[in-house]
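This structure is in structure tokens; I'll ask about it shortly.
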Amino acid sequence: MRPAPPAISIIDVNSCYVSIELLFKPWLRNRACIVLSNNDSACVARNSHAKALGIRMGQPWHEIAHLVRSGQVHAFSSCYELYQDMSNRIMAVLATQAPRIEVYSIDEAWLDLSGLPESEYAAWGRDVRDTVLRQVGIPVGVGIGPTKTLAKLANWAAKTWAPKTGWVVDLSDPCRQARLLKLAPVEEVWGIGPRLTRRLADMGVKTAWELAKMDARLLRRIFGVTVERTARELAGERCFEVGESPGPKQMIAATRSFGRKITRYEDIAAAIATHTVRAAAKLRAQGSLCQCLQVFARTSAFAKQGQSYSGQRIVALPCPTDDSRTLVSAALEGLAHLYREGPRYAKAGIVLSQFVAGDRYTPDLFAPPPRPKSHDLMRAMDAINAKMGRATVRLAREDAGHGWQMRRELLSPRYTTVWEDLAPAG
DNA sequence: TCTGGGGTCCTAGGACCC
DNA sequence: TCTGGGGTCCTAGGACCC
């Protein structure tokens, strides 16, 4: 028997955040529901009923508020703690369904179908969907194809033509590939965003099929290697493999819009201190030390001409560190340089970069000595905060200002991660 | 009035070197 | 008048992703 050609599956959670919220509120399942971004400022997830009402991804709250007030739509503030916990459960189930899994985002994973006969792909997909639904209670969609890009397109088709597809599409067959590629607008292709869509349209390329048929060398010359690979993948040639778990991050950011516009230095400084502490904890969690910190504060991207300001500062750390106190000092030093009196600041944050592995770093003879007991103190802080909740132990700087905290007025209980919020048995 | 946050990869162009 | 060329490294910015 001929070995089956290799196949890849992409599995994603349908309307991820809304599906999770509704798992704990089943009585709302047939109503229009949405989840809002930080500060309750825009819609980031919608179920099919909300889509049917015409609510768009990213639509600002002030355009939707009247639908919520009149009871036509139910809205929830986002609660990433809950979503991440549910995601972990789903990924754990998926990991049992294939020899190799690459977790791609909070709501998506690639699975390597090596070893499975081609004739069983579709049945496998339906079985995975049933298993996740039964064990976690969350609906997923399944796309299968010979390359990542084709699997993604299959997943798009599964959603677009549901419920007819049963949320599963297998695109292994070349005839089905051709049919779908001709139907699919080029902007639905993974890796083709709004800019490329416009530039491709200028060249007369409107469908995935037309992109797949373009000369690869020409694409490389005009658009670069990424678009060339995308086109090759659409034509069935593998350019991206299913990876193992990704390595440590190369940058860690912590940024937030403020709950309202603020102008006082102390308030921005408190926000920056809090963000830096959050990033530092992430840095330690992956065992890295960082050598560069970038801090920024700016007015709204929609501020009028003449009233907008964006300041940023890069601070080099004299020796690699993961100490929250050192990083907060560096961040505030940078903030002092970029702060101007007057602007109504809307957002601020920090980005850590230039990492070295903590266990492989040996301080050189001339480096300033690290803070005494830094390692033990930071670990103790992380341990307490992991057990008692984030920011149980914190730096005084974090409390020195106010008015910048997020708005989350429609927050659901954190059913699975906080004892007090535990869902009642029923 | 009100418009998210956190990532990755690629490329062009400048600095610098021989 | 005419003013090297090629390599490497780094960074800022652009584009994409979810």
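So, A:GLY58, is that one outside the structural domain of A:SER257 (by the TED database) and within 11 Å of DNA strand B (Cβ to nearest atom) or not?
When the stated conditions are applied, A:GLY58 passes them.
Would you tally the residues in region A:42-64 being within 15 Å of DNA strand C (Cβ to nearest atom) and among the small types (Gly, Ala, Ser)?
Going through region A:42-64 one residue at a time, the tally reaches 3.
Look at region A:242-269 and say how many of its residues are exposed (fewer than 14 other Cβ atoms within 10 Å of the Cβ), within 6 Å of DNA strand B (Cβ to nearest atom) and in a loop (DSSP other than H, G, I, E, B).
Count: 1.
Please work out if A:ALA270 is within 24 Å of the chain's Cα centre (by Cα), in the same structural domain as A:HIS337 (by the TED database) and not charged (D, E, K, R).
Judged against the criteria, A:ALA270 is not a match.
The conditions are (1) among the aliphatic types (A, V, I, L, M); (2) under 22 Å from A:GLN312 (Cα atoms); (3) within 16 Å of DNA strand C (Cβ to nearest atom); (4) surrounded by 15 or more Cβ atoms within 10 Å (Cβ to Cβ), and A:LEU234 fails exactly one of them. Which is it?
The failed condition is (2).
Something else now. Quick check on region A:352-362: of everything there that is surrounded by fewer than 19 Cβ atoms within 10 Å (Cβ to Cβ) and touching a residue at least 60 places away in the same chain (Cβ under 8 Å), which residue is nearest to A:GLN307 (Cα to Cα)?
Here the answer is A:SER353.
List the strands (runs of 3 or more DSSP E) inside region A:97-212, counting only whole elements, that have at least 3 residues being within 16 Å of DNA strand B (Cβ to nearest atom) and not aromatic (Phe, Trp, Tyr).
A:100-105
Let me ask something else about it. For A:LEU327, are the conditions met, namely being hydrophobic (A, V, I, L, M, F, W, C) and in a helix (DSSP H, G or I)?
yes
Sticking with this one: Which of the residues spanning region A:12-41 are part of a helix (DSSP H, G or I), hydrophobic (A, V, I, L, M, F, W, C), surrounded by 15 or more Cβ atoms within 10 Å (Cβ to Cβ) and more than 16 Å from DNA strand C (Cβ to nearest atom)?
A:LEU22, A:LEU23, A:LEU28
Can I ask one more? Taking region A:246-277 as the search range and keeping residues that are under 22 Å from A:GLN307 (Cα atoms) and of a type in the set (Lys, Arg), which one is farthest from DNA strand C (Cβ to nearest atom)?
A:ARG264
I'd like to verify a number: residues in region A:214-230 that are within 13 Å of DNA strand B (Cβ to nearest atom) and surrounded by 13 or more Cβ atoms within 10 Å (Cβ to Cβ), how many?
Number of matching residues: 10.
Among A:ASP107, A:ASP112, which is the only one that is touching a residue at least 40 places away in the same chain (Cβ under 8 Å), surrounded by 16 or more Cβ atoms within 10 Å (Cβ to Cβ) and either over 21 Å from the mean Cα position of the chain (by Cα) or more than 16 Å from DNA strand C (Cβ to nearest atom) (or both)?
It is A:ASP112.
Residues that are under 30 Å from A:ASN88 (Cβ atoms) and in contact (Cβ under 8 Å) with a residue 24 or more places away in the chain: does region A:200-213 have at least one?
No, every residue in region A:200-213 fails to be under 30 Å from A:ASN88 (Cβ atoms) and in contact (Cβ under 8 Å) with a residue 24 or more places away in the chain.
Listed here are the residues, each with its yes/no results for (1) hydroxyl-bearing (Ser, Thr, Tyr); (2) not assigned by the TED database to the domain that holds A:ARG220.
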site: A:ALA154; (1), (2): no, yes
site: A:ALA158; (1), (2): no, yes
site: A:TRP161; (1), (2): no, yes
site: A:LYS164; (1), (2): no, yes
site: A:LEU180; (1), (2): no, no
site: A:PRO185; (1), (2): no, no
site: A:GLU188; (1), (2): no, no
site: A:ILE192; (1), (2): no, no
site: A:THR197; (1), (2): yes, no
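Then there is this: I need the full set of residues from region A:123-156 which are of a type in the set (Gly, Ala, Ser) and surrounded by fewer than 24 Cβ atoms within 10 Å (Cβ to Cβ), in order please.
Hits for region A:123-156 are A:ALA123, A:GLY137.
Looking at A:THR274, A:THR263, can you tell me which residue is touching a helix residue (DSSP H, G or I) at 6+ places or on another chain (Cβ under 6 Å), more than 30 Å from A:ARG100 (Cβ to Cβ) and either touching a residue at least 60 places away in the same chain (Cβ under 8 Å) or among the hydrophobic types (A, V, I, L, M, F, W, C) (or both)?
Being touching a helix residue (DSSP H, G or I) at 6+ places or on another chain (Cβ under 6 Å), more than 30 Å from A:ARG100 (Cβ to Cβ) and either touching a residue at least 60 places away in the same chain (Cβ under 8 Å) or among the hydrophobic types (A, V, I, L, M, F, W, C) (or both) holds for just one of A:THR274, A:THR263, which is A:THR274.
Can you tell which of A:SER70, A:SER9 is out of contact with any His (no Cβ under 7 Å at 6 or more places or on another chain), of a type outside the set (Lys, Arg) and within 16 Å of DNA strand C (Cβ to nearest atom)?
So the residue among A:SER70, A:SER9 that is out of contact with any His (no Cβ under 7 Å at 6 or more places or on another chain), of a type outside the set (Lys, Arg) and within 16 Å of DNA strand C (Cβ to nearest atom) is A:SER9.
If you go through region A:57-96, how many residues are of a type in the set (A, V, I, L, M), exposed (fewer than 14 other Cβ atoms within 10 Å of the Cβ) and part of a helix (DSSP H, G or I)?
2
What number of residues within region A:283-302 satisfy the criterion of being over 11 Å from A:LYS347 (Cβ atoms) and away from DNA strand C (no atom under 16 Å from the Cβ)?
Selection size over region A:283-302: 8.
The values are calculated or read from the model by the stated rules, or taken from the named source; none is laboratory data. Since the model is a prediction, treat every value here as computed from it, not as a measurement. Every residue, glycine among them, receives a Cβ derived from its backbone with ideal geometry; neighbour counts consider all protein chains shown.
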